[in-house]
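First comes the structure, then the notes that go with it.
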Amino acid sequence: MALLNILRYPDARLHKTAAPVTVFDESLKKLVRDLADTMYAAPGIGLAASQVDMHKQIIVIDVSERHDSLVVLVNPEIVDASGVSDIEEGCLSVPGVYDIVERAERVKVRAYDQNGKPFTLEAQGLLAVCIQHEMDHLTGKVFVEYLSQLKQQRVRAKLAKQLRKSA
Ligand code: NI
């Protein structure tokens, strides 16, 4: 088991755009395993490869209470979205910060699994929000960037304080 280092906001590497996966090989499977291990250990309910400085379109999510329902999305694409959800979000790259972002309540996602097999997933509620949050990471967007400028300043100040404490 390998735990990967999670980039902390406002690290500029979180703003890179992830490239689609074109080769479904053993190294992809290992990365998916490491991402899942890192997410569960954190603990968190979602992690995008971008957050560990691997800029490929790979996401792992598990919103189950028992942590036994891992969802792996490679090259995900939202093909349908409806409704409005306003669930409070957090992010392993922005520890200790939670806020509400307006998202679609339901999404239909087309993606590949780690073996390269295409599938479609229909999600709602927390899973749908999590998918949208993680897909944002793949385009270099962190959820706090939806917040007002004032709130973003507070987030940066809070994270800077955390860093000073841990230094
Ligand atoms: Ni996040």
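When you check Ser27 against the structure, is it over 17 Å from Leu138 (Cβ atoms), assigned to a helix (DSSP H, G or I) and free of Cβ contacts under 8 Å to residues at least 12 places away in the same chain, yes or no? Before the answer, list the steps.
Values: over 17 Å from Leu138 (Cβ atoms): yes; assigned to a helix (DSSP H, G or I): yes; free of Cβ contacts under 8 Å to residues at least 12 places away in the same chain: yes.
So Ser27 passes the test.
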- Only residues in the stretch 57-72 that are touching a residue at least 40 places away in the same chain (Cβ under 8 Å) count as the first member; pair them with residues that are assigned to a loop (DSSP other than H, G, I, E, B) and open to solvent by less than 30 Å² (accessible area, probe 1.4 Å), Cβ under 7 angstrom, at least 6 apart or cross-chain, and list the lot. Gln57/Ala18; Gln57/Val21; Ile58/Val21; Val71/Asp62
- Message: Looking only at residues that are open to solvent by less than 30 Å² (accessible area, probe 1.4 Å) and not aliphatic (A, V, I, L, M) in the stretch 65-89, which one is farthest from Glu122 (Cα to Cα)?
- Response: Glu89
- Item | Condition check for Val109: under 12 Å from the mean Cα position of the chain (by Cα), surrounded by 15 or more Cβ atoms within 10 Å (Cβ to Cβ) and away from the ligand (no atom under 15 Å from the Cβ) | no
- Note on the structure: Sole miss for Tyr40 among (1) outside any helix (DSSP H, G or I); (2) open to solvent by 60 Å² or more (accessible area, probe 1.4 Å); (3) not acidic (Asp, Glu) is condition (1)
- Query: What are the residues in the stretch 16-37 that are open to solvent by 70 Å² or more (accessible area, probe 1.4 Å) and either of a type in the set (Val, Ile, Thr) or out of contact with any helix residue (DSSP H, G or I) (no Cβ under 9 Å at 6 or more places or on another chain) (or both), if any?
  - Reply: Thr17, Pro20, Thr22, Val23, Glu26, Ser27, Lys30, Arg33
- Failed condition for Gly116, given (1) within 16 Å of the ligand (Cβ to nearest atom); (2) open to solvent by less than 30 Å² (accessible area, probe 1.4 Å), with all others met? (1)
- Task: Would you confirm whether any residue within the stretch 119-135 is among the aliphatic types (A, V, I, L, M), over 21 Å from Val32 (Cα atoms) and more than 16 Å from the chain's Cα centre (by Cα)?
- Result: no
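The values are calculated or read from the model by the stated rules, or taken from the named source; none is laboratory data. If you're wondering where the values come from, they're calculated on a predicted model, not measured in any experiment. With ideal geometry, Cβ positions are generated from the backbone for all residues, glycine too; neighbour counts draw on all protein chains shown. Surface accessibility is based on the protein's heavy atoms, side chains included, excluding ligands, DNA and RNA. Shrake-Rupley method; radii C 1.70, N 1.55, O 1.52, S 1.80 Å.
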